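Okay, so here's the structure we're looking at.
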Amino acid sequence: MGCAILILAEHEGGVVRDVTYELLGLAHRVAEERGWNASEIKAVLLGQGVEGLAREVAGRGAAEVIYIEEKAVEQYTGDGYDKALEPIVKAEAPQMVLLGHTPNGWDVAPLLSAGLGVPLATECSGIVFEGGTARFTRKAFNGKFVQVVELGDARPLLATIQKGAVAPHAGKTQGTVRTIAAGVAETALRARFVEIKKGKAGAIDLSQAPIIVSGGRGLGGPEKFAILRDLAAALGGQVGASRPVTDMGWLPHEHQVGSSGVTVSPKLYIACGISGAIQHIVGMRGSGYIVAINKDAEAPIFGVADVGVVGDLFEIVPALTRAVKEAKGQG
């Protein structure tokens, strides 16, 4: 039986990556908009000893998870994944195939595109339909423009979706799992897996943070970010920043939110001393709830904020931190 939307589930170290559930969240929204049945949303999961992970994905958004357990796909290689994925896509004949715009996704997607003979849209942040035509949106020129990409009549529609650009699927499902043979011999692969090297200790992943407290040039210096760290710690969140902050070396680049940094969609985003350049706004406007604190009542950030506070952040932020701690009974 075919499907409407097929997504590539990713995992590492025995854990399903969050981008998998973001893809499922987008798939459910697209299916609802198009009138497609949610039972036609499927996932593919490749690896060794992954049946348990497949069942987890089937319980969190996928109507069916097709999984392969073979040595050739035990670890990621573009060659192995492409040879395993292409027959599945052809057999399922989906309307749309979605992959995360991750190192794995952006590596295998072009191979899959070439093998299937269909165009590819990369690093997309959303999908809209106009007159029945799917249009994939993506940022360009450091977020100053939004590109709208149409892929024509070829099927499946194939795209990679930017990590953190959409909210993960929150509902529970009672999907099924099915294992198939990959038919890929490890000796036939042109690439081989060597190792995974982790980034330096202490690096953060803002795209997965549920709460972000961000600071801009308005703080005045790197030492002033201590008040934001206090608020973020009280809320159980992470500290973000605008590009000028990281350009000046006040915080490392992994803290940068925006078109040249990371796109985020936390439940709560608090912008402190950030004027709201378009490059920053395009990276955080998908947040669930936005609070902006700035002395300039005309700051563009207020245009996307749910709550705007015009005032001195050095008075407001510490008071907010105290209130949060008191509410949590932390004195």
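The values are calculated or read from the model by the stated rules, or taken from the named source; none is laboratory data. Keep in mind it's a predicted model, so treat the numbers as computed, not measured. A quick note on method: Cβ atoms are made from the backbone with ideal geometry, for glycine too, and the neighbour counts reach across all protein chains shown. These accessible areas exclude ligands, DNA and RNA; they are computed on the full protein's heavy atoms, side chains included. Shrake-Rupley method; radii C 1.70, N 1.55, O 1.52, S 1.80 Å.
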Open item on the list: I want to confirm something. Restricting to segment 1-17 and keeping residues that are outside any loop (DSSP other than H, G, I, E, B) and of a type outside the set (Asp, Glu), which single residue is most open to solvent (accessible area, probe 1.4 Å)?
Closed with: VAL15
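Listed here are the residues, each with its yes/no results for (1) without any contact (Cβ under 8 Å) to a residue 24 or more places away in the chain; (2) open to solvent by 30 Å² or more (accessible area, probe 1.4 Å); (3) farther than 30 Å from ARG55 by Cα; (4) not in a loop (DSSP other than H, G, I, E, B).
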position	(1), (2), (3), (4)
LYS139	no, yes, yes, yes
VAL146	no, yes, yes, yes
LEU151	no, no, yes, no
ALA154	no, yes, yes, no
THR160	no, no, no, yes
ALA170	no, yes, no, no
GLN174	no, yes, no, no
ARG178	no, yes, no, yes
ALA182	no, no, no, no
TODO: Would you mind stating whether GLU56 is assigned to a helix (DSSP H, G or I), in contact (Cβ under 8 Å) with a residue 40 or more places away in the chain and farther than 23 Å from LEU151 by Cα?
DONE: yes
Open item on the list: Filter segment 18-47 down to the residues that are closer than 21 Å to ALA84 by Cα and either in contact (Cβ under 8 Å) with a residue 40 or more places away in the chain or in a helix (DSSP H, G or I) (or both) and list them by number.
Closed with: VAL19, THR20, LEU23, LEU24, GLU40, LYS42, VAL44, LEU46
Open item on the list: Condition first: closer than 27 Å to SER287 by Cα, touching a Pro at 6+ places or on another chain (Cβ under 6 Å), hydroxyl-bearing (Ser, Thr, Tyr) and open to solvent by less than 70 Å² (accessible area, probe 1.4 Å). Can you find one or more residues in segment 18-27 that meet it?
Closed with: yes
Open item on the list: Just checking, does segment 209-227 include any residue being without any contact (Cβ under 8 Å) to a residue 60 or more places away in the chain, open to solvent by less than 20 Å² (accessible area, probe 1.4 Å) and part of a helix (DSSP H, G or I)?
Closed with: yes
- [ ] Could you check, for segment 248-271, whether at least one of its residues is modelled with pLDDT of 95 or more, open to solvent by 10 Å² or more (accessible area, probe 1.4 Å), under 23 Å from GLY126 (Cβ atoms) and in contact with a Pro (Cβ under 8 Å, 6 or more places away or on another chain)?
- [x] yes
